[in-house]
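The values are calculated or read from the model by the stated rules, or taken from the named source; none is laboratory data. All figures in this text were calculated on a predicted structure; none of them were measured in a lab. As a convention, Cβ positions derive from the backbone with ideal geometry for all residues, glycine included, and neighbour counts pool all protein chains shown. What goes into the accessible areas is simple: the full protein's heavy atoms, side chains included, and nothing from ligands, DNA or RNA. Shrake-Rupley method; radii C 1.70, N 1.55, O 1.52, S 1.80 Å.
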Amino acid sequence: MPRELQQLQKLFQFWTILFAIGALTFFLFPARVVQSLNWGIHLFPFLNPLTEIYSPFWSVLAVSLMAMLTFVSALVAGNISDAKNLVLAVLVSKATSTLGFLIYFVKSGLTAPMLLGAGCDGTIFLVTFYFYYYASPYFRKKSEG
């Protein structure tokens, strides 16, 4: 297996663990997650805290997304040569969440959790895209079976 695919596979092994921890954290401590993200106001005094701390509706959606990302990442890590479309699905998810965080960062009055969310998901997007870009020539084409 080419080194580029091995590196992408190792990245998705890491993402599998990270997303699983995120899903458990969002499920077990949803309000604490947002409270912890509000610490960003200490680093950047121009930021505001997020006042809407917890909503079960959004927590269920966050946990289900993290569970799906965990599952997809495990599939990618398990069969990297055939996983091009699954990697693209993770990239779409992280690009969407990054854009959403940035939009709501502005709309919500410069709240710290929105900026930190954009930074976190944006970093995951950029790192994944970097490794995907260099591995993409090595994905198995459908005709190669």
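So for segment 75-88 (the condition being surrounded by fewer than 18 Cβ atoms within 10 Å (Cβ to Cβ), at pLDDT 90 or above and acidic (Asp, Glu)), does at least one residue qualify?
yes
For residues in segment 110-144 being among the charged types (D, E, K, R) and part of a helix (DSSP H, G or I), which is least open to solvent (accessible area, probe 1.4 Å)? Spell out the reasoning first.
Residues of segment 110-144 among the charged types (D, E, K, R): 121, 140-142, 144.
If we keep only those that are part of a helix (DSSP H, G or I) as well, we get 121, 142, 144.
On the way: ASP121: 18, LYS142: 174, GLU144: 120 Å².
Per the stated criteria, the residue is ASP121.
Check off (1) open to solvent by 60 Å² or more (accessible area, probe 1.4 Å); (2) under 27 Å from GLN6 (Cβ atoms) for ARG32 and give me the number that stays unchecked.
It is condition (2) that ARG32 fails.
Look through segment 44-55, keep the residues that are open to solvent by less than 100 Å² (accessible area, probe 1.4 Å) and either without any contact (Cβ under 8 Å) to a residue 24 or more places away in the chain or assigned to a loop (DSSP other than H, G, I, E, B) (or both), and return whichever of them is farthest from CYS120 (Cα to Cα).
Of all residues in segment 44-55, those open to solvent by less than 100 Å² (accessible area, probe 1.4 Å) come to 44, 47-50, 53, 55.
Remaining after also requiring either without any contact (Cβ under 8 Å) to a residue 24 or more places away in the chain or assigned to a loop (DSSP other than H, G, I, E, B) (or both): 44, 47, 49-50, 53, 55.
Numbers: PHE44: 16, LEU47: 17, PRO49: 17, LEU50: 17, ILE53: 19, SER55: 21 Å.
Across segment 44-55, the extreme among qualifying residues is SER55.
Of the residues PHE14, PHE27, PHE19, only one is open to solvent by 30 Å² or more (accessible area, probe 1.4 Å) and within 14 Å of the chain's Cα centre (by Cα); which? Break it down into steps so the answer makes sense when it comes.
On the way: PHE27 fails: within 14 Å of the chain's Cα centre (by Cα); PHE19 fails: open to solvent by 30 Å² or more (accessible area, probe 1.4 Å).
Of PHE14, PHE27, PHE19, the one residue that is open to solvent by 30 Å² or more (accessible area, probe 1.4 Å) and within 14 Å of the chain's Cα centre (by Cα) is PHE14.
Going by the structure shown, is LEU69 in contact with a helix residue (DSSP H, G or I) (Cβ under 7 Å, 6 or more places away or on another chain), surrounded by 16 or more Cβ atoms within 10 Å (Cβ to Cβ) and over 14 Å from THR16 (Cα atoms)?
Working: in contact with a helix residue (DSSP H, G or I) (Cβ under 7 Å, 6 or more places away or on another chain): yes; surrounded by 16 or more Cβ atoms within 10 Å (Cβ to Cβ): yes; over 14 Å from THR16 (Cα atoms): no.
No: the conditions fail for LEU69.
Among the residues of segment 91-98, are any among the hydrophobic types (A, V, I, L, M, F, W, C) and surrounded by 20 or more Cβ atoms within 10 Å (Cβ to Cβ)?
For segment 91-98, residues among the hydrophobic types (A, V, I, L, M, F, W, C) and surrounded by 20 or more Cβ atoms within 10 Å (Cβ to Cβ): absent.
Within segment 79-90, track down each residue that is among the polar types (S, T, N, Q) and outside any helix (DSSP H, G or I).
The one that is among the polar types (S, T, N, Q) and outside any helix (DSSP H, G or I): ASN79.
Might you check whether a residue that is assigned to a helix (DSSP H, G or I), under 15 Å from the mean Cα position of the chain (by Cα) and touching a residue at least 40 places away in the same chain (Cβ under 8 Å) occurs anywhere in segment 91-101?
Yes, segment 91-101 has at least one match.
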